1. Suppose a student asked you for the relative contact order of the stretch 7-153, using Cα pairs under 8 Å spaced at least 6 residues apart; what percent would you report?
2. If the chain between Glu134 and Lys4 were fully stretched, how many nm would it gain, using 0.36 nm times the residue separation less the Cα-Cα distance?
3. Checking the cross-link filter: which lysines have an alpha carbon closer than 23 Å to that of Lys4, excluding same-chain neighbours under 8 positions apart?
4. Report the label-to-label distance for Ala96 and Glu39 in nanometres (one decimal), using points 7 Å from each Cα along the Cα→Cβ vector.
5. Residue by residue through the stretch 62-69, which ³J(HN,Hα) values in whole Hz follow from phi under the Karplus form 6.51 cos²θ - 1.76 cosθ + 1.60 (θ = phi - 60°), with glycine and proline marked x?
6. Points 7 angstrom from Cα along the Cβ direction at Met52 and Ser148: gap in nanometres?
7. Using a 10 Å cut-off on Cβ atoms, rank the peptides 17-27, 86-96 from the highest mean neighbour count down.
8. For the stretch 78-83, just list the computed ³J(HN,Hα) in residue order, Karplus coefficients 6.51, -1.76 and 1.60, θ = phi - 60°, integers in Hz, with x standing in for Gly and Pro.
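All of the numbers you see were taken from the coordinates with simple rules; none came from a lab. In this text the structure is predicted, and so the values were computed from the model without any measurement. Ideal geometry is used to build each Cβ from the backbone, glycine not excepted, and the neighbour counts take in all protein chains shown.
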Amino acid sequence: MSAKVRTSVTKIFKWDAAHRIVGHGGACAALHGHTYKAEVTLSANSLDGLGMVVDFGFIKRVIGNFIDEQWDHNLILAEFDPLCAVGLLRETNLAAGKRVFVMGSNPTAENMAQELFFKAAEGVFLALQECPTEVRVDKVTVWETPTSFATVTRE
């Protein structure tokens, strides 16, 4: 008798970005930056022919590219933040090859973890449509500081 198992792999990403929380009653209402860390966990019911859930390089390409292109050394704002309309911020970022990343909600660790979870799930799905094993994103944790993080898990 063999037990049904699910095997998971986790890749860690780090990046630097600035944000602010509109409506926050304290220091987080001001523009400030963090060195963020994300842990992204993928799993499958079976391993591929090489004995892997997926290659770590695949995770780096699919999820790391989003982080590198959209969040790393960037300004992350809510779409309702008045700073989104400040041309100088956009021009400064564009001059450095970055567009201000605009979220539909405040860029809290919780909302960023959800954003990354759904971007990762979409990217993995699109990249693995022909994959013989069912690979899925199970968990994303975004660390805002070395002692503060938010986690999103698949139900």
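1. Relative contact order for the stretch 7-153 comes out at 30 percent.
2. Extra length available between Glu134 and Lys4 comes to 45.4 nm.
3. Partners found: Lys139.
4. Once both label points are built, they end up 2.9 nm from each other.
5. In residue order, the calculated couplings are 5, 8, x, 4, 4, 4, 4, 7 Hz.
6. Result: 3.6 nm between the two label points.
7. Result, highest mean Cβ count within 10 Å first: 17-27, 86-96.
8. With the stated coefficients, the stretch 78-83 comes to 7, 4, 8, 6, x, 5 Hz.
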